[in-house]
Amino acid sequence: MTPPLSGSCLCGAIAYTVSANVTELRACHCTNCQKISGAGGTVNALVAREHFRITKGSPKRYTRTADSGRVLHRYFCGDCGSGIYTQRETTPERVVVRAGAFDNPPPMKLSAHIWTKSARNWDAIDPAAQQIPGQPD
């Protein structure tokens, strides 16, 4: 296994590690991810909760029902606003870590796009990647 992957917010108040190998990423184009990113969505790594640890600071939490009908807890830096991770209420054993907050990530591949039915017409989606119109199982 590679050394732990580290990540942090823009201002450095929140830091974390991921102790599992992350090689694939998933882009979410749901309307909630569009709003929190101010862009076409978010790019994420799905990680078992046991492999994710906050090492500095204490993120704030915002809870909202997503397009899927599931309750999501979004964790972010209360100082700079950077998104750190999301956790579904129904699957607390997994976290969805924002890939853009990784400090020095190893090579990773964007392998799937979810909620493509909500994607903005200007948001480029790789036709070679898996495309799922809504929430995957």
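The values are calculated or read from the model by the stated rules, or taken from the named source; none is laboratory data. Fair warning: this is a prediction, and the values are worked out from it, not measured in the lab. Don't worry about glycine lacking a Cβ; one is built from the backbone with ideal geometry, like all the others, and counts go over all protein chains shown. Areas reflect the complete protein model, heavy atoms only, side chains present, ligands, DNA and RNA absent. Shrake-Rupley method; radii C 1.70, N 1.55, O 1.52, S 1.80 Å.
Numbers for the structure displayed
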{"read-out": "Test result for Asp67, modelled with pLDDT under 90 and open to solvent by 40 Å² or more (accessible area, probe 1.4 Å)", "value": "yes"}
{"read-out": "Yes/no for Ala20 being without any contact (Cβ under 8 Å) to a residue 60 or more places away in the chain and assigned to a loop (DSSP other than H, G, I, E, B)", "value": "yes"}
{"read-out": "Cβ pairs under 9 Å, 6+ apart, first in region 112-137 and closer than 12 Å to Asp67 by Cα and open to solvent by 80 Å² or more (accessible area, probe 1.4 Å), second at pLDDT 90 or above and assigned to a loop (DSSP other than H, G, I, E, B)", "value": "Lys117/His29; Lys117/Pro133"}
{"read-out": "Number of the exception - Glu50 against (1) outside any loop (DSSP other than H, G, I, E, B); (2) in contact with a strand residue (DSSP E or B) (Cβ under 6 Å, 6 or more places away or on another chain)", "value": "(2)"}
{"read-out": "Residue within region 53-62 that is touching a Ser or Thr at 6+ places or on another chain (Cβ under 7 Å), open to solvent by 60 Å² or more (accessible area, probe 1.4 Å) and more than 30 Å from Ala128 (Cβ to Cβ) present", "value": "yes"}
{"read-out": "The listed residue being touching a residue at least 12 places away in the same chain (Cβ under 8 Å), assigned to a loop (DSSP other than H, G, I, E, B) and crowded, with 19+ Cβ neighbours inside 10 Å, out of Gly78, Gly40", "value": "Gly40"}
{"read-out": "Residues being in a loop (DSSP other than H, G, I, E, B) and either under 13 Å from Gly40 (Cα atoms) or of a type in the set (S, T, N, Q) (or both) - total across region 112-137", "value": "9"}
{"read-out": "Of all residues in region 81-111 being among the charged types (D, E, K, R) and not in a strand (DSSP E or B), the one that is least open to solvent (accessible area, probe 1.4 Å)", "value": "Asp103"}
